[in-house]
Structures are given as structure tokens and as C-alpha cells.
Amino acid sequence: MEELRDRVSRVIAERFHVADDRIIEAATLDEDLGATSLDRVEVVMCLEDEFQIYITDDEASRLHTVADVVTCVMAGVQRAQAAGANRRL
């Protein structure tokens, strides 16, 4: 779980061009980290690539804080793992 948070933080820091120490769970993407709408789209695409998951437009529209992003990615990873397990059965 900590590794997942670290990877999410790294992606956000790289895409938003902010220092790692600004990536705290309470930080808002827009106000605290200065994300534009394009930045938000790019970070979603990068997270999908990084974790091999799919984030729906509805899920993406609900990402307001770093904690929201971590929760969304964790849910996506769990869905992907469950789908993989179902395919092996």
C-alpha cells in the first residue's frame, strides 16, 4: 500500500511539476498543486499506464485531492486483480 502511494505521488509530482514534499493526501489538485484541466487528464492517463488500470470519466471527475487519487487507483488495482483472477478460473 505504501508503494502504491509512493508511485501515485511520483506520477502527480512529475505531471504537475511540483516538489515531492507538496504531495500530501490533503493537498487539492487544483488549488494546492496548481493543476489545470489538461494536467488532470494527463495524470489520469499516466496513472492508467503506470498501474495498468482504467479510470472512468466519472471517477476522474471526482478526483479533488491526492487522497482521492490514491483511493481511486487502489480501487482500480483491486478491480484489475479481481478481473485477472476471474480470467484464470
Please find, within region 43-89, the residue that is surrounded by the fewest Cβ atoms within 10 Å (Cβ to Cβ) out of those that are at pLDDT below 95 and hydrophobic (A, V, I, L, M, F, W, C).
-> 89
Can you pull out the residues in region 42-89 that are of a type in the set (Lys, Arg) and free of Cβ contacts under 8 Å to residues at least 24 places away in the same chain?
-> 62, 87, 88
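The values are calculated or read from the model by the stated rules, or taken from the named source; none is laboratory data. For clarity, every value in this text was computed on a predicted model and none was experimentally measured. Note: ideal-geometry Cβ built from the backbone for every residue, glycine included; neighbour counts use all protein chains shown.
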